[in-house]
Structure formats: structure tokens, C-alpha cells
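Undergrad: Below you will find the structure I want to go over with you.
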Amino acid sequence: MFRKEKFFTRQLTIVLLIVMLIFNAAVTSAQLVLPQASPKATLSQSIGITDIKIEYHKPSVKGRVIWGDVVPYDSVWRTGANEATIISFSTDVKIEGTLLIKGKYALYTIPGKEAWTIIFNKKRDINGPYKYEKVLDAMQVKVKPKANEMTETMLFHISDMTLSSCTINLDWEKLRISIKVEMETDSLFMAYIKDFIKAEPDDASVYKGGAEYTLTSGMHLDLGIQWADMAIKFKPYYENYWLRGNIKAKLGEYQEAIEDYDKGLELAKNNKDIDQIKARYDKKVNEFKIKIGK
């Protein structure tokens, strides 16, 4: 009996030692995370087929004088706190009308009372402006600061979004800095979809995607009808007829659009969602009839 108890005691001791070793290893390998006065933030946004990402730390005003004091005028600023703000573009873009090659950059600024210099620098592992190297600049542009409502904690946000452009805004204290960004969405997408069609010439979804782009962008509508034709050829589904009808309507061909909607409705008559489909049909066809004065 005594031997058995001694055996279990020894086994328990071994188990406890193993647990302690695992716990200590976990504590040793874990990275201590502390609350930050200027927390890290990430802004991600897709514009057309271009992905924009900004990684930065958000300082707060806290009753301080920001411009000309905490952030000196006419000196390089890392555009945030703690470390360099990083911005990336997945395609080539134009910044205030000047070409910037796709990639990841440190975003530096030189604040001024009348104008700011926006700097896209190739050296990204930067913890302070003292490491800034002008020779590594990919681009510099100038923008004018604008008065803005009070923003306690610095914020990047994106506005004025279209398929091929947007505005990147930096708000802090009572100031806004706006940077115009443009993308070659149309040429990029058209090359992309044509390559996709070559690779998947029998895929209805590829043709549908191309046709949907022409409808959304309002460009290449005749080509959009051809792609819708191919989508119908490989998948004669009601939505593909309606897509072609919508493109025809955009071209002002409302009677032809109604005919495509009629064909689509006939195909959908056994669909389990026919009531909702019929409601969509009625709404759209009525809009077309109004356009042609029926």
C-alpha cells in the first residue's frame, strides 16, 4: 500500500514539474503587450481593383498645441506616433497627378502653415525622423492644409470614392490634409478580364463579371452586351438575361431591355423565389416603360 502511494506521489510530482516547465516556457516566449497612449491602427480600402492600406499610430491632442509645437513646422514628421506610418498600394497610382509605382512606403510629411509636403519614402523600417533619407524618396507632392472640426485623436480616412479615384484624408486637431489618389482601374480591369477569358473561355461567370463591370462603369457597353451574350450562351439563366437587358437600357434601348427581362422571367418561373423575382421584374420593367412613354 505504502509503495503504491509513493508511486502515485512520484508520478504526480513529475506531472506538476512538466506543467510548470510548459507554463514557464509559455511565459518566456510570450511577448508582453502594454496599453499604448497612441494605439496602433490600420485602414484598408479597395478602390476599383486597387487595395490601399495605411498602418499608423494615433496620437491625441490632450490639450497640447499641436501644429508648430508638438509637430514643428518645416521639419520632417513621421505622420503619427511611435514609428513611421506605412502606406501601400497594390497597383500603380497617381498622387496629386504624379505617378507612384505600386508598393509599400513610409509616409512622411513636412507640415507648413501654408502648404504641406507629402513624402513617399522607400525606407520603411524607420522609428524617427532622424533616420529619414531624402535620397530614398519615391515622390514628394505639396498640398494645402484645410481648417476642420476638432479631432482629438489623429485619424486617417478615405472619401470621394469612385471606381478609379479617392481622397486620403488625415484629420488631427483642427486641421485636415487631403491627398488625391487616382487609379487606372479601367485599363487594369480590361486587361485582367481579357486574360481571364483566354484562360477560361467557357466560363459563364467570367463573361458575366466583365459585363457587370461595363454596366457599373458605364464604359465599353457594346462589349458588355457581347460578354452578356456569351454568359447566356454558357448559362441561360434569368439573371444573365436581365444583365444584358440592363446594359441595353443604359444604351437607351428600353424595348430590347424589356424583351430580355421577359425572357429571364420565363426562365425563372419555376424558381422557389419567383415572388421576389417577379417583384424585381415588375419594378424594372415599369421603369423601362416610363422611359419609352408607355
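Undergrad: In whole Hz, what ³J(HN,Hα) sequence does the stretch 163-170 give by Karplus (6.51, -1.76, 1.60; θ = phi - 60°), x for Gly and Pro?
TA: 5, 9, 6, 6, 10, 8, 10, 10
Undergrad: Right, here's the next one. With no solvent and one equal point scatterer placed on each C-alpha of the chain, evaluate the Debye formula and give log10 I(q)/I(0) for q = 0.07, 0.08, 0.10 Å⁻¹, two decimals.
TA: -0.51, -0.61, -0.77
Undergrad: Zone of GLU96 (label point 7 Å along Cα→Cβ, backbone N under 11 Å): which residues in the stretch 148-186?
TA: Counting backbone N atoms under 11 Å from the label point, the list is 178-180.
Undergrad: Calculate one ³J(HN,Hα) per residue across the stretch 174-187 by plugging θ = phi - 60° into the Karplus curve 6.51 cos²θ - 1.76 cosθ + 1.60, and present them in order as whole Hz with x for glycine and proline.
TA: 10, 9, 10, 10, 10, 10, 7, 10, 10, 10, 8, 4, 5, 5
Undergrad: Expressed in nm to one decimal, what extension gain is obtained for the pair LYS53 and ILE290 from 0.36 nm per residue of sequence separation less their Cα-Cα distance?
TA: 80.9 nm
Undergrad: Let me ask another. Given Cβ point charges of +1 (Lys, Arg) and -1 (Asp, Glu) and nothing else, what value in debye, to the nearest 20, does the dipole of the chain about its Cα centre take?
TA: It comes to approximately 1160 debye.
Undergrad: Oh, and also: Counting pairs of Cα atoms in the stretch 102-226, how many percent are more than 18 Å apart? Could you put the intermediate results ahead of the total?
TA: Details: 5170 of 7750 pairs.
Of all Cα-Cα distances in the stretch 102-226, 67 percent exceed 18 Å.
Undergrad: How far apart, in nm, are two points set 7 Å out from the Cα along the Cα-to-Cβ line at GLU259 and at PHE196?
TA: Result for the modelled spin labels: 2.9 nm.
Undergrad: If you count, for each residue, the other Cβ atoms within 10 Å and average over each peptide, how do 71-78, 235-242 line up from highest to lowest? Intermediate values should be presented prior to the final figure.
TA: Details: 71-78: 16.1, 235-242: 18.9.
Ranked by mean Cβ neighbours within 10 Å, highest first: 235-242, 71-78.
Undergrad: Describe numerically, in nm with one decimal, the distance between label points set 7 Å from Cα along Cα→Cβ at MET219 and at LEU136.
TA: For MET219 paired with LEU136, the spin-label model returns 3.5 nm.
Undergrad: How big is the stretch 161-294 by the Kirkwood estimate over distinct Cα pairs, in Å?
TA: When all Cα pairs of the stretch 161-294 are included, the Kirkwood radius is 16.8 Å.
Quick note: the coordinates plus some simple rules give every number you see, no bench work behind them. Note that this is a predicted model, so its numbers are computed, not measured. Using ideal geometry, Cβ is built from the backbone for each residue, glycine included, and neighbour counts are taken over all protein chains shown.
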